[in-house]
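The values are calculated or read from the model by the stated rules, or taken from the named source; none is laboratory data. Bear in mind the structure is a predicted one, so any value in this text is a computation, not a measurement. Methodologically, a virtual Cβ is constructed for each residue, glycine included, from the backbone with ideal geometry; neighbour enumeration extends over all protein chains shown. These area figures cover heavy atoms from the full protein model, side chains too; ligands, DNA and RNA do not enter into them. Shrake-Rupley method; radii C 1.70, N 1.55, O 1.52, S 1.80 Å.
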Amino acid sequence: MATAKAWVEAIRLRTLPASISGVLAGTGCACHMNGFRLLPCIICLLFAVMAQIVSNFANEYFDYRNGLDAKGREGFRRGVTEGDISPRAMLNAVIILMAVTCALGCSLLIWGGWWLIPIGIAIAVFAIAYSAGPWPLSHHGLGEIAVVIFFGILPVTLTAYLQTGSWSVLPLALPLSLALGLMIANIMIVNNYRDYDDDRKVGKRTLAVIIGTRATAILYMANAIAATIITVMAIIPFTGIWWMLGPVLYVNLSWLLWTEMKASRGHELNPVLGKTAMLVSAFAIWLLITLACN
């Protein structure tokens, strides 16, 4: 029987700030428009976290089933591959958590209307199609693009809309959602940079495998710079210059993580991944405070 520790490892706690950050940024946009609503905010937060856990569990199950994980891999411990969790138990967890996540999503129809259903279906499909199906996104270099859309653009804009009830928030939310998506994509970039050798051996064509480690490392810093520029351009019209310390601090800390990333290999990159995720969540908190105060 799987231990609680094995299930906690499968959740991949270090990556969960990615799902939380989009909701925080979207809530900041709603606050700026004087449209903050607590209940839809909480439901969006729970939905985002649950959707990521489903995706993480599905990734572990389908990578194991397809023979893409090996024991002793460089990344975080995979419970199914290592024998800590049975494949059947993991599949059952995916099904149960998917049902709970869909129920949470349906509750948001109260504030958004029936048009949310196709978007919810798309999110559910992404959670599974990232690792499964006839054309898994993560196996064809599309993981980072999918992250920008499903962890950046959709959660930020939808959270903002569901709280304000108006698309007038979109001119602010859309550029910030793109910026946050690029930041979150850096978490995956570190993950794929770390797993480059393992993925190449089993034929898993992540973006890192396709473009190489050198270009992948450059992309990490390029994303950080682009996200900083987009954020500054989006918020500087209504904030003071001192608020720009947030983006400046973010890009400088990203530089430090970039240098650490280039100097590390294998499991040494796990702390870099965790720090990248925490930096994104810290930036989202700064964004929430900034937008709420201006």
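Residue count for the stretch 131-161 under the criterion of being closer than 25 Å to ILE230 by Cβ and outside any helix (DSSP H, G or I): the result is 2. Does ASN191 satisfy being under 26 Å from THR213 (Cα atoms), at pLDDT 90 or above and open to solvent by 30 Å² or more (accessible area, probe 1.4 Å)? Yes. Could we say that LEU253 is out of contact with any Phe, Trp or Tyr (no Cβ under 7 Å at 6 or more places or on another chain), part of a helix (DSSP H, G or I), open to solvent by 20 Å² or more (accessible area, probe 1.4 Å) and more than 25 Å from ALA215 (Cβ to Cβ) here? Answer is no for this residue. Against the condition modelled with pLDDT of 80 or more and in contact with a helix residue (DSSP H, G or I) (Cβ under 8 Å, 6 or more places away or on another chain), how does THR27 come out, does it pass? Here the answer is yes, as THR27 does meet what is asked.
Of all residues in the stretch 121-141, those satisfying the criterion of being without any contact (Cβ under 8 Å) to a residue 60 or more places away in the chain and open to solvent by 30 Å² or more (accessible area, probe 1.4 Å) are ILE121, ALA122, VAL125, GLY133, PRO134, TRP135, LEU137. Scan the stretch 3-43 for residues that are in contact with a Ser or Thr (Cβ under 7 Å, 6 or more places away or on another chain) and either more than 16 Å from PHE283 (Cα to Cα) or in a loop (DSSP other than H, G, I, E, B) (or both) and the total you get is 6. Looking at (1) within 18 Å of the chain's Cα centre (by Cα); (2) in contact (Cβ under 8 Å) with a residue 60 or more places away in the chain, can you tell me which one LEU104 breaks? With respect to (1) within 18 Å of the chain's Cα centre (by Cα); (2) in contact (Cβ under 8 Å) with a residue 60 or more places away in the chain, LEU104 is out only on (1). Note on the stretch 262-294: among residues that are over 22 Å from LEU245 (Cβ atoms) and not in a helix (DSSP H, G or I), the one that is least open to solvent (accessible area, probe 1.4 Å) is SER264.
The numbered conditions (1) among the charged types (D, E, K, R); (2) over 16 Å from GLU144 (Cα atoms); (3) in contact (Cβ under 8 Å) with a residue 24 or more places away in the chain are all true for LYS204 except (2).
Checked against (1) open to solvent by 20 Å² or more (accessible area, probe 1.4 Å); (2) modelled with pLDDT of 90 or more, VAL8 meets all criteria but (2).
Looking only at residues in the stretch 199-238 that are under 13 Å from SER138 (Cβ atoms) and in a helix (DSSP H, G or I), the one that is most open to solvent (accessible area, probe 1.4 Å) is ILE210.
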